[in-house]
Amino acid sequence: MKKLFLFIILSVMFFLSCSRDNNTPNPELPAPPPLERKILTGTFIQLFGKDNWSEAQWDELLTEIKDVGMNTLIVQYTAFKNPYNNITWFNSANTFTATKSKNTLQQLLASASRKGIEVHIGLHFDDTYWDHQTDVAWLQTQANYCIVIAEEIQAQFGTNSAFKGWYIPHEPEPNAYNTDEKVRLFREHFVDRISNRLHQLNNKPVSIAAFWNSSLSTPQQLQHFMAELSKSNLQIIMLQDGVGAQHVTLERLASYYEAAQRGLFEENKNYKGVFWSDLETFASPNGKYPYQPASFDRVKQQLLTARSIPKVSKIVSFHYFDDMSTKSPHKAQADALREAYKKFIK
């Protein structure tokens, strides 16, 4: 009987060990801040035009974002391709971008380490994604490119104290991924191909930012889409609030947030990650680029709406440099938004 009992115990232990990928650690989830601190605690950053920034210039910007209560920086992409840009912003040996700006990411991370800023690093993005969102072969190729970038980043910066997470820069939405099968293709052939490899490299969380357009998708459609998307190997799912891009009015914003929350935590009861708001601080007077900083009154309403959603654990902006910084190309409007915001959070 003892031998039989021992055999059963060993068999169970063997089964459990085989059912677990020992090379894939459980990613560390970021701790949600207390509800009373639901202000803008992070922002996206684009590296365009910052190729030759010194650490002193990065120090200046990161000091500024800390002064307004931000502790997180999301680098939208570290490699990018469109008809006007074909660039990687660190010392990369990849063959799919033409230009290499070797020190940009290195300088940013060095400054972030000194300033105590957490950095989530975005991967490669090819702007023809918008024409290939459901093209499996294209998605697989681009997933491979993202993995190449991630492997190089891990080799060069894996021990950097500021490096806290990964970001997949491809933005999914329910109008393009309008069936369960299309979401499954995106999930299995793209997101999970990338995130499974990232979790072999380290145990940092992987994030993505979804969006929607209220003229194309109902709250119910967004809910189901978020439920299906969250079956991916993701630890952070952000939702772009769409106000700056004129994808939704302030009056309808809460209904979409609530729908997304239901999709993540009620319709899909197995999602163990967190829900962040990606708040758009820009305005689009003509409904398209070029953008300009929004008014504080509008941003305040967006912030209060995001704060009202119980499962939203962090609010990040898109994005501080253009819309609120002293270095903004729209300085007068950015100064006005920043100073009004600082008074509000005090």
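Here are some notes:
- Any chance Leu198 is among the hydrophobic types (A, V, I, L, M, F, W, C), at pLDDT 95 or above, assigned to a loop (DSSP other than H, G, I, E, B) and within 17 Å of the chain's Cα centre (by Cα): no
- Test result for Ala79, small (Gly, Ala, Ser), within 27 Å of Arg197 (Cβ to Cβ) and modelled with pLDDT of 95 or more: yes
- Residues that are touching a residue at least 60 places away in the same chain (Cβ under 8 Å) and over 26 Å from Gly42 (Cα atoms) within segment 138-165 comprise just one, Tyr145.
- Among the residues of segment 176-217, those that are without any contact (Cβ under 8 Å) to a residue 40 or more places away in the chain and more than 19 Å from Asp278 (Cβ to Cβ) comprise Thr179, Glu181, Glu188, Ser215.
- Qualifying positions in segment 42-68 - modelled with pLDDT of 95 or more, over 18 Å from Thr99 (Cα atoms) and not in a helix (DSSP H, G or I): Gly42, Thr43, Phe44, Ile45, Val68
- Given (1) touching a helix residue (DSSP H, G or I) at 6+ places or on another chain (Cβ under 7 Å); (2) part of a loop (DSSP other than H, G, I, E, B); (3) of a type outside the set (D, E, K, R); (4) within 17 Å of Ser232 (Cβ to Cβ), number of the condition Ala176 does not satisfy: (1)
The values are calculated or read from the model by the stated rules, or taken from the named source; none is laboratory data. Note that the structure is a prediction, hence the values are computed from the model and not measured. Note that each Cβ is placed from the backbone with ideal geometry, even for glycine, and that neighbours are counted across all protein chains shown.
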